[in-house]
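Notes to accompany the following structure.
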Amino acid sequence: MSNGLAQPGALEGVRVLHLLDGMGAYAGRLLRGLGADVIRVEPPGGSTSRNRPWAFAGEVTPEIEAAPSLHFLHYHAGMQGITLDPTSEEGRELLTRLLDQVDIVLDNGQLARWGFDLDRLAAKSPALVVVSLTPFGLTGERAGWQGTDLVRQAMSGMLGIFGYYDERPARFGVEQASEMGGLAAALGGLIALYGARHNADPSGGGEVVDISVERVCALVTFQMWNASMFEQFDFRRDRLPRQDGLPVGLYEASDGFFALGTWREIERTMGMLEQTGFADGLRELWGELGDAKFIVSEQANEAMTNLARSVTRAELLELVQAAKLTGLPVNDASDLVVDPFLKARGAFVELEAAGLPAPLLDVGAPVQMGESPWQTGKRPPLLGEHNAEVFGAIGLSEGDLEGLRTRGVV
């Protein structure tokens, strides 16, 4: 199952069976990008993520509507794709044989529902790492509970951080709990695989990696909050109240907003204001008030506000960098895709799919590795595209597959 690239990835030779459908799909994307051979298993009718509706402003043509969803395009480019229905006895037998051929299996709890004993699977030789990614984990009173991304953010405390004081909580971002869970699943799977391969006892088997997305998000939340402050001292970190005007450090240029850490370096900020003619009387005021009172004074903030309004974000960026200050424009997606810095870093790739009038621009590698480059494929697999190749590797003929298709197993 070669990836077809001349230069091997960091995980060249690692084989992954990918059962995740939505939650945590980032794990499969990370492992594939690092060079692993990832086999995406879908039911014969296609996964729910493949068939998500296209939701965006603009005309959705029938051709686009028939193409795989944006979600599927993003998370599955470069993978192999097979179809299989493990709810049937034949399907479970085929899945068992496939599990004998891989190093890691990524699971949303389906394996247990299909009657597999995860500990027994992991103990098989060669060692298999079973990564289970569920909303609340495999054990405990919440095991088996369902939960959307919003529910997982709520239960983990994330929603308690974001938003203004005495107002409704704010969502951290779409699918952020799923992304964090997927990152933890990829990391946990690789650590367990390393341990299994370096076990002094070759019969030691693999491991079950039990990822609770709520727990992952709760750990992130308490890193921001500091749990001991609650438990030992009953401290509370209140959310900020809504305030008039822009938050501290955010300024409005003539063509958008700019985040700027100005008065952390008073002399440098003063030099920039003097150079541009916006510092009248400020040095005298600084001498009168001292550092602490000056940087929060109305006059200092007004000077920076007036400078920002007089220039574009690009012009302000040049001034800020020349003054060796910390500040960057607030970008949206249209700014990012034309950013020369991001382009030079290989931040974007083009994805293709049948039905799309042109390739889609998507995010590329989250890391850069000099000797083993990121391996984003050009497109995701068609439904069942690699059935013959993958099932043929475990001894099935085309006639066998035709019979399985007739019975709805693949």
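The values are calculated or read from the model by the stated rules, or taken from the named source; none is laboratory data. From a predicted model like this one, the values you see are computed outputs, not experimental measurements. Quick reminder, even Gly has a Cβ in these numbers, built from the backbone with ideal geometry, and neighbours come from all protein chains shown. When the accessible area is computed, the model is the full protein with side chains, heavy atoms only, and any ligands, DNA or RNA have been set aside. Shrake-Rupley method; radii C 1.70, N 1.55, O 1.52, S 1.80 Å.
Quick one: would you say THR139 is within 20 Å of ILE394 (Cα to Cα) and of a type in the set (Ser, Thr, Tyr)?
So THR139 fails the test.
Just to be sure, is LEU351 within 19 Å of the chain's Cα centre (by Cα) and either under 30 Å from GLY9 (Cα atoms) or in contact (Cβ under 8 Å) with a residue 24 or more places away in the chain (or both)?
Yes.
Return a yes/no flag: does segment 270-278 have any residue that is more than 34 Å from the chain's Cα centre (by Cα) and in a loop (DSSP other than H, G, I, E, B).
First pass over segment 270-278, keeping only residues more than 34 Å from the chain's Cα centre (by Cα): 270-278.
With in a loop (DSSP other than H, G, I, E, B) added as a condition, the list becomes 277-278.
Looking through segment 270-278, at least one residue is more than 34 Å from the chain's Cα centre (by Cα) and in a loop (DSSP other than H, G, I, E, B).
Could you please find all residues in segment 353-374 being open to solvent by 90 Å² or more (accessible area, probe 1.4 Å), out of contact with any Asp or Glu (no Cβ under 8 Å at 6 or more places or on another chain) and closer than 21 Å to TYR26 by Cα?
GLN368
Which residue is surrounded by the fewest Cβ atoms within 10 Å (Cβ to Cβ), if the candidates are limited to segment 244-268 and must be touching a Leu at 6+ places or on another chain (Cβ under 9 Å) and more than 18 Å from ARG313 (Cβ to Cβ)?
Among those residues, the one meeting the criterion is ARG264.
Which of the residues spanning segment 55-94 are more than 25 Å from LYS378 (Cβ to Cβ), in contact (Cβ under 8 Å) with a residue 40 or more places away in the chain and in a helix (DSSP H, G or I)?
Passing the criteria: GLU90, GLY91, LEU94.
Inside segment 331-358, can you point out the residues that are over 28 Å from ASP255 (Cβ atoms), in a strand (DSSP E or B) and hydrophobic (A, V, I, L, M, F, W, C)?
VAL349, LEU351
If you scan segment 115-166, which residues turn out to be surrounded by fewer than 14 Cβ atoms within 10 Å (Cβ to Cβ), in a helix (DSSP H, G or I) and touching a strand residue (DSSP E or B) at 6+ places or on another chain (Cβ under 9 Å)?
ASP119
Any residue that is within 24 Å of the chain's Cα centre (by Cα) and outside any loop (DSSP other than H, G, I, E, B) - is there at least one of those in segment 386-394? Don't jump to the end; show me each part of the working.
First pass over segment 386-394, keeping only residues within 24 Å of the chain's Cα centre (by Cα): none.
For segment 386-394, residues within 24 Å of the chain's Cα centre (by Cα) and outside any loop (DSSP other than H, G, I, E, B): absent.
Provide a single number: the residues in segment 277-305 that are surrounded by 17 or more Cβ atoms within 10 Å (Cβ to Cβ) and over 19 Å from VAL248 (Cβ atoms).
Total meeting the criteria: 1.
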